[in-house]
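The values are calculated or read from the model by the stated rules, or taken from the named source; none is laboratory data. Bear in mind the structure is a predicted one, so any value in this text is a computation, not a measurement. For neighbour counting, all protein chains shown are included, and Cβ atoms are generated from backbone atoms with ideal geometry for every residue, glycine included. Quick note on the areas: whole protein, heavy atoms, side chains included, nothing else; ligands and nucleic acids left out. Shrake-Rupley method; radii C 1.70, N 1.55, O 1.52, S 1.80 Å.
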Amino acid sequence: MVEPIAREWGALQKDPWLLALISYVPLLLALGLWGLFSAAVPRELPVALVDLDNTSLSRALGRQIQASPVSLPRSYGSEAEAINAMKGGEVFGMVIIPRQFSARLQSGKQPTLEIRYNGQFLLVGKLLNSNLQQSLAPVLQSLARTGQLAKGVPSVQVGVNISPIQFQITPMYNQASNYVAFLMPPLFIALFQIVAMLIFVNALNRELDSSRYGHWLEHWGSNLAVKWLVYLPLALLQSAVMMVFLYGYLGLPINGSFGWLMLAQAVMLSAVFLWVAVIFFLLQDKARVVSFCTALFAPAFAFMGATFPVNEMPELARWWRVLMPSSHYIESQVAVVSYSLGGIDVLRELAGYWSFLLLLVPIAALAVLRKRQWLNNELVVTNPPLAAGSQEDSR
């Protein structure tokens, strides 16, 4: 086994693209992703403020929006101007304070304070909607409290009238609503799976260019094991660097053991390797193998359930999700990082990978088929059929 591994290592050193895949390419991609979300928490999102009331109360509401670090109000003279600004992408939301808003409120009526946000940007819209309501609530509650005190309502009863129930809302596992903590881990895993797939694909595709491909097929089982032994540790090393960057350098919270993450990733990579081997033996064409594998693994992030609940996905999407190793891995990562699980709990999660072992059946069947095809081709080349003229001359 040592000699085949040394031979594979030598072939790797002569392959510049494969060397790039196991060294600087994934790190550059990871740094590029981090650069997109390095701000961590959105700040100063532009919001259109249409103050048609122009009173001390409406100006106080504008100052509350200005005081929030999330929103940055921009004044517009009319609702139409604000709508055009939102359509043009200049603002993500708008607050409309109607005429007579203060007067109607002080007279005991219920005026409408309109908040709109761009629903195309789901995360930004949700963040703005929540933040604007929280920013405006203190001013409105203060006015309501003053009005009730003026009517002679006891101060203790005023608090009950305004807020009969006290809510305690605590965000778990991402208290600062940090985009890096929310999006980067699943994005890194999706990227890591694609890079690992390309490493395995290129390692196998290299055999198609060799004149000894038929001899390689004669011992396909041990040769696959050699590639797995050589490239799995290299891919795991890449992942370890990414995890150290996330949970070490960036300081993202991790409650469990780093070792359990590495074990889960090793199992995930092995499942990716099995998929690549099936597609490789099935297609036997370099371009089609790369294309098919990319089509299979490219939507990985969407199927992880980080931005859309898995239970609400269509049936076809849930089946596709089951086929991708990263979808199984993300459950183990959440268990380790957020819930501090380990030991038997993680092993129970990893037991969900057993179905990927069934891929060994088509791998073996296809490898034997390709081996027979190669042997038949060799026999044809070694003993070519005689031409008709040659047969008559021999007579």
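What does the charge count near PHE303 come to, summing +1 for each Lys or Arg and -1 for each Asp or Glu among other residues with Cβ under 9 Å from its Cβ?
Taking every Cβ under 9 Å from that of PHE303, the sum is +2.
With each label modelled as a point 7 angstrom along the Cα→C-beta vector, the VAL25-TRP9 pair spans 2.2 nm.
Pop out the carbon and sulfur fraction of the accessible area of the chain as a percent, whole number, probe 1.4 Å. Here it works out to 61 percent. Quick check of the Kirkwood formula: for the chain, what is the inverse mean of 1/r over all pairs of different Cα atoms, in Å? 26.1 Å is the Kirkwood radius here. Measuring only protein heavy atoms, the 1.4 Å probe finds TYR179 accessible over about 40 Å².
Using the heavy atoms of the protein chains alone and a 1.4 angstrom probe, what is the accessible area of the chain per residue in square angstrom?
In whole numbers, the chain has 55 Å² accessible per residue.
The simple spin-label model puts a point 7 Å past each Cα toward its Cβ; for GLU44 and ILE344 those points are separated by 5.5 nm.
Rounded to the nearest 5, the antiparallel percentage of DSSP beta bridges internal to the chain is 30%.
Relative to the longest principal axis of the Cα atoms of the chain, the long axis of helix 122-150 makes an angle of roughly 20 degrees. For the chain, the longest principal axis of the C-alpha atoms and the axis of helix 2-13 are separated by about 60°. When both bridge partners sit in region 37-117, DSSP labels roughly 30% of those beta bridges antiparallel.
At the residue level, ASP51 shows approximately 50 square angstrom of accessible surface with a 1.4 angstrom probe and all protein chains present. The aspartates and glutamates whose alpha-carbon is closer than 14 Å to the alpha-carbon of LYS14, local same-chain residues fewer than 8 away aside, are GLU207, ASP209.
Helix 220-244 and the longest principal axis of the Cα set of the chain meet at an angle near 20°.
Heavy-atom accessible surface of ARG104, to the nearest 10 Å², is about 100 Å², with a 1.4 Å probe and all protein chains retained. Model label points for LEU369 and MET313, set 7 angstrom from Cα along the Cα-to-Cβ axis, are 2.8 nm apart.
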